[in-house]
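Peer 1: Have a look at this one.
The values are calculated or read from the model by the stated rules, or taken from the named source; none is laboratory data. Remember, it's a predicted structure, so these values are computed and weren't measured experimentally. Reconstructed Cβ throughout: ideal geometry from the backbone, glycine too, with neighbour counts over all protein chains shown.
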Amino acid sequence: MLLVIDVGNTNVVLGIFDRKKLIGEWRVATHLHKTADEYGILLIDLLHAQKIPISKVKGVILSSVVPPLTPVFQEVTRKYFSLEAMVVTHSLKSGLRIRYDQPKEIGADRIVNAAAAYHLYGGPVIIVDFGTATTFCVVSETGDYLGGAIAPGLIISADALFSRAAKLPRVELIKPKSIIGRDTVSSIQSGMIFGYVGLVNEIVHRIRLEIGTEALVVATGGLSTLIAPECNAIQKIRPTLTLEGLMIIYNLN
């Protein structure tokens with residue numbers, strides 16, 4: 001079995017693959033000050049709840065966009081699994097040719113998402129990841145990773161609105177009944193949800209114009225099921241894309 005770990009700014013997403021089949025998936029909050037022992041005990045408890053013996057885990061791959069936590073999870077895998085985690089960087093085999101001006105600057109999650117989407121759907125393909133940041137990645141028909149765009153994520157934008165506007169309340173981020181809000185809560189929901197729909201549609205439209213083709217668009221990330229169904233630019237929603245990408249890159253290496 002393969003343990004895959006995606007350390008994000010908001011959540012750590014973990015998965016277990018058995019012969020390329022995802023048999024377990026968990027999402028826990030990212031805490032910078034948690035120790036390797038705290039994360040290790042949590043991970044073991046999750047595996048036990050799924051009745052997955054630790055001894056069955058024969059490989060680990062780690063993707064992290066939180067540098068202080070990378071060595072923490074490396075220690076977790078050494079101490080609790082007696083395994084050295086493969087850490088995703090631009091230098092690993094991914095099935096892509098990186099055409100970024102500064103390859104070291106690419107977030108590991110963006111490489112993983114691009115590798116998964118190209119492996120699953122071919123190219124050209126655009127990947128939209130709705131996470132702490134909303135990222136756009138572009139892969140050509142021949143597997144060239146061309147770059148993309150990064151925008152503030154929905155939750156970051158909502159937090160900024162609530163913290164800077166004293167009279168606006170925090171609201172649940174759900175789709176409102178109509179674009180015209182009839183009260184403050186529905187007005188905020190309308191602006192946030194449909195505002196991000198507009199952002200995604202416009203960026204995808206401009207990317208397609210620039211590359212000169214109607215590339216397939218795949219959505220992933222924690223908020224993909226909220227925003228993507230409202231975006232006419234998105235054809236596929238694949239919440240487990242990052243975990244699948246980690247499995248693909250592990251097998252390639």
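Peer 1: State all residues of the range 77-114 that are within 19 Å of V125 (Cβ to Cβ), out of contact with any helix residue (DSSP H, G or I) (no Cβ under 9 Å at 6 or more places or on another chain) and basic (K, R); if no residue qualifies, say none.
Peer 2: R97, R99, R110
Here's the yes/no breakdown for (1) modelled with pLDDT under 95; (2) over 25 Å from M1 (Cβ atoms); (3) of a type in the set (V, I, T):
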{"residue": "A85", "(1), (2), (3)": "no, no, no"}
{"residue": "S91", "(1), (2), (3)": "yes, yes, no"}
{"residue": "G107", "(1), (2), (3)": "yes, yes, no"}
{"residue": "P124", "(1), (2), (3)": "no, yes, no"}
{"residue": "I127", "(1), (2), (3)": "no, yes, yes"}
{"residue": "F136", "(1), (2), (3)": "no, yes, no"}
{"residue": "V139", "(1), (2), (3)": "no, yes, yes"}
{"residue": "L161", "(1), (2), (3)": "yes, yes, no"}
{"residue": "A165", "(1), (2), (3)": "yes, yes, no"}
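Peer 1: Given the conditions (1) assigned to a loop (DSSP other than H, G, I, E, B); (2) buried (at least 16 other Cβ atoms within 10 Å of the Cβ), report the number of the one that D129 does not fulfil.
Peer 2: The one condition D129 does not meet is (1).
Peer 1: Moving on. Could you list all residues from the range 72-110 that are outside any loop (DSSP other than H, G, I, E, B), surrounded by 18 or more Cβ atoms within 10 Å (Cβ to Cβ), hydrophobic (A, V, I, L, M, F, W, C) and without any contact (Cβ under 8 Å) to a residue 40 or more places away in the chain?
Peer 2: If the condition is that a residue be outside any loop (DSSP other than H, G, I, E, B), surrounded by 18 or more Cβ atoms within 10 Å (Cβ to Cβ), hydrophobic (A, V, I, L, M, F, W, C) and without any contact (Cβ under 8 Å) to a residue 40 or more places away in the chain, then V72 is the only one that fits.
Peer 1: Quick check: is even one residue across the range 113-120 free of Cβ contacts under 8 Å to residues at least 12 places away in the same chain, assigned to a helix (DSSP H, G or I) and surrounded by fewer than 18 Cβ atoms within 10 Å (Cβ to Cβ)?
Peer 2: Within the range 113-120, none of the residues are free of Cβ contacts under 8 Å to residues at least 12 places away in the same chain, assigned to a helix (DSSP H, G or I) and surrounded by fewer than 18 Cβ atoms within 10 Å (Cβ to Cβ).
Peer 1: Of the residues in the range 231-253, how many are in a helix (DSSP H, G or I), under 16 Å from F130 (Cβ atoms) and either of a type outside the set (S, T, N, Q) or modelled with pLDDT under 95 (or both)?
Peer 2: 3
Peer 1: Give the residues of the range 170-191 that are surrounded by 14 or more Cβ atoms within 10 Å (Cβ to Cβ) and not in a loop (DSSP other than H, G, I, E, B), sorted by residue number.
Peer 2: V185, S186, S187, I188, Q189, S190, G191
Peer 1: A further question on this structure: Within the group I16, I23, which residue is part of a strand (DSSP E or B), surrounded by fewer than 20 Cβ atoms within 10 Å (Cβ to Cβ) and not charged (D, E, K, R)?
Peer 2: That would be I23, the only listed residue that is part of a strand (DSSP E or B), surrounded by fewer than 20 Cβ atoms within 10 Å (Cβ to Cβ) and not charged (D, E, K, R).
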